[in-house]
Each structure stands twice: as structure tokens, then as C-alpha cells.
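Here the structure comes first, spelled out in C-alpha cells, and everything after it is commentary.
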Amino acid sequence: MPIELNVPSICEAVGAAHPDRDCLVFRERRFSWAEVQDRTRRLARVFHDAGLGVRARFGEGERWRSVHDHVALYLHNGNEYLEGMLGAWKARTAPFNVNYRYVAEELRYLLDDAGARAVVVHECFAPTLAAVLPTLARPPELLLQVADGSGHDLLPGAVDYEAALAAASPDLPAGLVDGWSGDDLYLCYTGGTTGLPKGAMWRQADFLVAALGVRRRDGTEFDDLDEVVAAARGTVRALPAPPLMHGAAHWNALSCWVAGGTVVLQDHPEHFDPADVLDAAARHGATSILLVGDPMARPLVDELRRAPRELPTVRHLLSGGAVLSPTLKSELLELLPDLTIVDVLGSTESGRQGVSNVRRGGDTRGGFVPAATAVVLDEDRARILPADDDAVGWLAQGGRVPLGYLGDPLKTAALFPEVAGVRYAVPGDRARWRADGSVELLGRDSVCINTGGEKVFAEEVETALKTHPDVLDAVVCGRPSDRWGEEVVALVQLRPGTQATDDDLRGAAAAHLARYKLPKVVLRRERLLRSPSGKADYRWAREEARVAGGPP
């Protein structure tokens, strides 16, 4: 009978088995598993002693309600972020991610929506949080402030993070440890670029299997915790380059920890610096680097061309959360010929739905090999399309899926529907089957453009435009058109010193797209707005397209 796993039990067991092994490396500090175990127990005690924890038995209410108190992680990457996640879970609270680019109004919405009872915050964000705290429906009871040298005083009522840990006991009440359960929640906020953020809620047991892939090599699930620890060989040294507040990044870190490995963080995580990432990977012997699609891969490639590096330990480059185009895959494999590129298909609401592996000389345009639980639903979300049907449908995930969206029964029902008696996660990605049994991902329906009665997916136009060597970045959106209903507009950031014409760009895209998909208008911008994780801000793009007016 498979065991229902939870994150703190796994990490405690790995730490007990391998106390002296590196668990986390940040700048020049190395944290052993024993040290992380001690620090996260102390942090759990801080939360527990403040009265935070679990409020009800799982399953007693609607599945879109949480039984936990919630802890906001308002932080840059650092040991405190991952300690915050694990320490919060050890206290049987539910940590959640805060987008640190949010202005006060957006932050207020998020903290109120989550009902945050505690906030762990980097000192540099203290002024924004200070402006928001008096306006919250229920201000948090506990504030832990992480010093970062930015010169801000402690917020009123806040406690210094390191001082709080030093004063706390590393001993956890037996009743707390005995209560750790696969039913305890993993909470991750998603969205904000195409709509209001939504808190996706998973049981940890489901999250570990469906999102982190915690299972045997043959795909079956583990029977006991000892078997999980025996499989935690500790050979992985993972460097997640995106902000840990992005799901793909902390999934990568947690997957590494569950495998008994070492998480490596770059020295300057406040912004994406490809030289910093590559230098940290080389210095600390990273075996893998995680990126978020083209927005991170392009500057990494440019840096490797500017200053080639030996990266003998880096065996895998992983990507998730955004498109990694065939052109950039080819360039990466040219520069790092021993690399395997692992492109992961999935979302916060679905977990892993497919994967594409490619090495030098392989097909960089190949589709995703679907997980056994991935399906394509028809247009009405009423039936599953067979693998020999190439109609465009909805990519969906069965099996272990989230419970729903925190506090939102309507969105929970809409995005987690039942089909033939089985509940699926349908995050909104459009896809179709290929003849070889792989899945072709077309793009998110929320950024689909209906032009002249034809559907155009923004991501596929962006990928086609980026095949032109002068294009550094591209974001595509639709805007109203009297003739077409909507017209395709491309916002393009060219490489410095290049002068590709609109016809040049359309010509490059035309080699990969039907004519109706080509942008009617090309707008040049010195910089395209993206989130810290690299995701395009389509609301910004649509406003830029609207303000620009008709074709120049």
C-alpha cells in the first residue's frame, strides 16, 4: 500500500540519515542537513509558540477552504526562503509565495485573500509592507524581518529573523510532529499577469507525487518512508535560477531536497544575472540549472558566447513555466555539448504533465512525452480526445490534482471539472495530439487571439519571431480591429545595434506560421515587461498595443 507522504517527514528522515551532507549553499555559506534541520525546527517553534498551526480536521469543510494558518514569504532567494517553507510546514501552517514586485494595492489584495497570520519579509520590502499593514482586514500577528543591509529599521512589532531563531527551542512538541500528514496543505499563488492571483491548494501527498515526481523509477509509488530515504542518494546539486516565489523554482529546490541533494543559490538573486548564475554553478559544482524558458535562456546563451565557461558538473538544464524555443535549445546544445535539456510541461494547478528531453543532434522541435495522467479534453470539456484525434482541445491532468482555489468555489468548479466521473485539472492550456503520440502545447487560452475567426496562440507567434537573430525578446497580444475583430500585435525588443525591418521579422515568422498568424503590427520597445520569473505581462502588452493606435 503506497504511503501518503509529507515534506517535513521526508526532510527530517533525510537529515537524520545524512546530517553532515550539504543541504544548501548560498554565497560562501554551506548549510548541512543537520543545520537546516535545527534552523527549521526553531522556526517552526517560533510559529507554534505564536499560536499558529492547524485549525480544523482536514475534510470537514469544502475542498476550497484551508484548515491551516497561512505564512507569507515576502523574500528574495536565500536560505530564509526555503527555511521558511519547511519551518512553516513543520509548524503545520501553510506557507505561500508573495510576488515581491507587487505594489501596495496588489500586496494588500494578496495578504487579505490569503488571510496571512504571519509574514517573513526581507528588510528591503519593509516600506511597502509598512504601507499595507494598517489597511489589511486582519493584520498578521507575527512579523519576522530578514536583514539584508538595505538600511531599513525593524517594522513596528517585528522580530529579527536570526534573533527569533536563536531564542527559540529546537525541540518540537511530540504532538506537532506526530500530526504531520499527507493532508497538510501546499499553497501556491499563481496568476497576476492575466488576472487576479489565485491560491492553488494541494494536499502535500498529492503535490509530492504529481508535481515533484516523488516515486520509484518505474513510476510506482513508495510503500514507506525508509524506501524514500534509501532512494535519496544526494547526487543532485540543483541551482534554481528564477525567484523562489515562482513555483517552478521552489519545486526544483524541493525535488532536490527530497532526493537528499544540495540546493545551490546564486550570489545576487535580486535580479537575473546570467554571469552570476554560471559562476555559482561552476564554483559550487551544480549538476543542474533551472531556467524559465526563453527570457532566461537568451541572456544565458549571450553570456556563454561572451565569456565561455567550463561547466563540467552541469549535466542537465531544466526549463519550465514558459516556452523554451527550438532555436535556443539548439544554441545551448552547441555551447554545452554534453548537456541534456529537460523541458517540463505543467503548471501550478496540474503538476507535471509531460517532458521533452533532447541532447545534441536531437530534434529540438519535438513534442512533450505525456505523463500517464495527462489527457486532452474536447472543446466543451465533456470527453477525452483519443490520441489519434488531432483536434485542438484542453490539456488536462487526472489522478492526483489540487483540491481547488483558496476561498473560491466558482473558480474551483470551473478549473477542476469532473469528466465521466473523474476530476481533472484544466489550467487553460490549449494542446493537441501529434501523430507520434506526443503532445503539442499551443498556448494559454487567456492570451489566445481570435482574428478573422481563426484562433492564434500568442506563444507560438513569439517563438516564431525569435527565430530571427536580431530579436532579443518578443511578446504578442491581440487588440480590437474593425476588420479582423482582433489583430495580432507583436512587441519586439531587438538586439542593440540591429535594424531588422517589419518585413524581415514577418519573413522569419512566415517560415513557421500560416499567414493569418503573422503580426499585423510590430511595435519596437527598448525593454519588454516581464515578471521576475520571466513570464510575459500580457496586460501591459495589451495596454501598450492599445495606446500605440493603428499601424505606423
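Here are the numbers for the structure shown:
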item: Long-range neighbours under 8 Å by Cβ, at least six apart or interchain, first residue in the same structural domain as G87 (by TED's automatic domain parsing) and free of Cβ contacts under 8 Å to residues at least 40 places away in the same chain within the range 3-21, second crowded, with 16+ Cβ neighbours inside 10 Å and among the small types (G, A, S); result: P19/S32; D20/S32
item: Test: residue in the range 260-267 that is under 19 Å from the mean Cα position of the chain (by Cα), assigned by TED's automatic domain parsing to the domain that holds A13, crowded, with 22+ Cβ neighbours inside 10 Å and assigned to a helix (DSSP H, G or I); result: no
item: Selected residue (only one of G421, G398, G393 is surrounded by fewer than 16 Cβ atoms within 10 Å (Cβ to Cβ) and free of Cβ contacts under 8 Å to residues at least 60 places away in the same chain); result: G421
item: Matching residues in the range 180-194 - criterion: being on the phi < 0 side of the Ramachandran plot and at pLDDT below 95; result: T190, T193, T194
item: Matching entry among V375, V323 (being in a loop (DSSP other than H, G, I, E, B), under 22 Å from the mean Cα position of the chain (by Cα) and not polar (S, T, N, Q)); result: V323
item: Filtered residues of the range 337-349 (kept if assigned to a loop (DSSP other than H, G, I, E, B) and either crowded, with 22+ Cβ neighbours inside 10 Å or touching a residue at least 40 places away in the same chain (Cβ under 8 Å) (or both)); result: T348, E349
item: Among the candidates R309, R352, R305, R365, residue that is basic (K, R) and part of a strand (DSSP E or B); result: R352
item: Filter pass, E83 being touching a helix residue (DSSP H, G or I) at 6+ places or on another chain (Cβ under 6 Å) and acidic (D, E); result: yes
item: Pairs with Cβ under 6 Å, 6+ apart, first in the range 511-534 and without any contact (Cβ under 8 Å) to a residue 60 or more places away in the chain and crowded, with 18+ Cβ neighbours inside 10 Å, second part of a loop (DSSP other than H, G, I, E, B) and not aliphatic (A, V, I, L, M); result: V521/P551
item: Answer from E12, E106 - the residue that is assigned to a helix (DSSP H, G or I) and either aromatic (F, W, Y) or modelled with pLDDT under 95 (or both); result: E106
item: Filtered residues of the range 273-292 (kept if assigned to a loop (DSSP other than H, G, I, E, B), surrounded by fewer than 23 Cβ atoms within 10 Å (Cβ to Cβ) and either in contact with a Pro (Cβ under 7 Å, 6 or more places away or on another chain) or free of Cβ contacts under 8 Å to residues at least 40 places away in the same chain (or both)); result: D273
item: From the options G428, G398, G393, G437, residue that is small (G, A, S) and within 23 Å of G61 (Cα to Cα); result: G398
item: Members of the range 325-370 that are aliphatic (A, V, I, L, M) and within 30 Å of L406 (Cβ to Cβ); result: V344, L345, V355
item: Residue, surrounded by the most Cβ atoms within 10 Å (Cβ to Cβ), within the range 237-259, restricted to residues that are part of a loop (DSSP other than H, G, I, E, B) and over 9 Å from the mean Cα position of the chain (by Cα); result: A241
item: Where L332 falls short, out of the listed (1) assigned to a loop (DSSP other than H, G, I, E, B); (2) touching a residue at least 24 places away in the same chain (Cβ under 8 Å); (3) farther than 25 Å from T220 by Cα; result: (1)
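The values are calculated or read from the model by the stated rules, or taken from the named source; none is laboratory data. Please read these numbers as outputs of a predicted model, since none were measured by experiment. Cβ sites come from the backbone with ideal geometry, for glycine too, and all protein chains shown count toward neighbours.
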